[in-house]
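What follows is calculated from the coordinates using simple rules that are stated; it is not laboratory data. As the structure is a prediction and not an experimental result, all values here were calculated from the model. Note: ideal-geometry Cβ built from the backbone for every residue, glycine included; neighbour counts use all protein chains shown.
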Amino acid sequence: MTISIQPFFDRATSTFSYLVDDGAGTCAIIDPVLGFDMASGRTNPAPAEGVAAAVEARGLTVQWLLETHAHSDHLSAGPYLRQRFGGKLAIGAGIVGVQGEFRNIFHLADLAADGSQFDQLFADGESFEIGRLRATTMAVPGHTPADVAYRIDDPDGGPVVVFVGDTLFMPDIGTARCDFPGGNAGTLYRSIQQLLSLPADTVLCVCHDYPPATREAAHQTTVAAQRAGNVHVRDGIDEATFVAMRRARDETLAMPALMLPSVQVNIRAGHLPPPDANGTAYLRIPLNRF
């Protein structure tokens with residue numbers, strides 16, 4: 001594989017961000033993380049500094065800052081990195097529906113639910129370039145209605161690479177939850193089958209890993225490995241079985257620690273809410289809603 005992919009793991013949120021370099025000086029950054037301390041309400045760019053240092057060290061031009069969805073477990077560092085390096089903030093077109101849902105939940109009267117906070121909304125199947133690399137957006141809803149994966153074809157004939165966001169995890173961990181507003185386990189199953197229909201050697205780069213004590217965090221797997229060994233959705237597991245498992249499992253899961261701040265920032269493309277007259281920006285906590 002000749003595509004240069006550099007992962008960055010944020011242990012606090014178990015999130016992988018990626019720097020994708022076309023080998024000719026142009027790059028994309030996928031799912032960058034901004035630190036946030038819930039106790040103090042302070043943001044911190046430290047989780048994004050490794051990505052920034054790599055961009056600077058290699059003299060890269062940032063063309064895209066790509067989000068696979070509006071994350072519920074970390075704030076996006078997209079705006080922070082765009083301010084430093086330029087590039088376009090992009091996400092799947094399904095974000096419009098997610099914005100509408102959460103605008104109502106958080107009662108965000110100022111929020112335009114039209115995706116205008118982003119520079120680009122990608123339709124399912126839409127192609128774009130990262131320098132000399134050809135990328136294609138794949139709609140993979142289920143975890144949320146707006147999830148997308150980004151497929152990149154190697155111009156030198158190497159395996160296809162797909163950044164799968166929160167659809168599949170490593171085979172021993174399984175799949176993403178579906179109990180957030182707009183989530184649907186049946187839809188996720190069908191999205192996963194779309195991914196698993198790709199060639200067996202397709203490289204799948206995950207957004208999260210929650211490793212057991214027996215191994216380190218891992219960011220990369222293959223279609224073949226997922227079909228053979230994913231604990232939730234390997235070959236032979238049908239949709240009804242998956243949906244029953246997913247629903248039962250989701251009922252046992254606690255809300256992500258940073259969901260309330262993350263979602264209301266990330267539906268704004270990672271921008272913080274506009275400040276009040278006193279110059280301070282505020283987040284909202286919907287009481288007894290979840």
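Okay, here's what the table says:
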{"item": "Volume in Å³ per residue [convex hull over Cα atoms, computed for the stretch 2-136]", "result": "117"}
{"item": "Difference of contour (0.36 nm per residue) and Cα-Cα distance, A123 to N104", "result": "4.4 nm"}
{"item": "Calculated FRET efficiency for the pair E239/A217, C-beta based, R₀ 45 Å, to 0.05", "result": "0.95"}
{"item": "Mean Kyte hydropathy of 0.5 or more with a Cα span along the axis of at least 15 Å, helices from DSSP in the chain", "result": "46-57, 95-106"}
{"item": "Cut-off under 5 Å, modelled amide H: who pairs with T222 long-range", "result": "L204"}
{"item": "Distant-in-sequence amide H partners of G165 (H built 1.01 Å from N, under 5 Å)", "result": "C207"}
{"item": "Burial ranking of peptide ranges 237-244, 271-278, 219-226, 62-69 (average Cβ count within 10 Å, highest at the top)", "result": "62-69, 219-226, 237-244, 271-278"}
{"item": "Burial ranking of peptide ranges 174-181, 249-256, 107-114, 84-91 (average Cβ count within 10 Å, highest at the top)", "result": "174-181, 84-91, 107-114, 249-256"}
{"item": "Dimensions in Å of the stretch 63-127 - Rg and Dmax from alpha carbons", "result": "12.3, 35"}
{"item": "Among (i) -0.49, -1.14, -1.25, -1.35; (ii) -0.43, -1.15, -1.28, -1.40; (iii) -0.40, -1.19, -1.36, -1.54, the entry derived from the coordinates for log10 I(q)/I(0) by the Debye sum over Cα atoms at q = 0.09, 0.15, 0.16, 0.17 Å⁻¹", "result": "(iii)"}
{"item": "Added length on full extension, which subtracts the Cα-Cα distance from 0.36 nm per residue, D37 to I285", "result": "87.8 nm"}
{"item": "Value at 222 nm in deg cm²/dmol, rounded to 500, when DSSP H runs of n ≥ 4 in the chain each add -39,500 (n - 2.57)", "result": "-7000 deg cm²/dmol"}
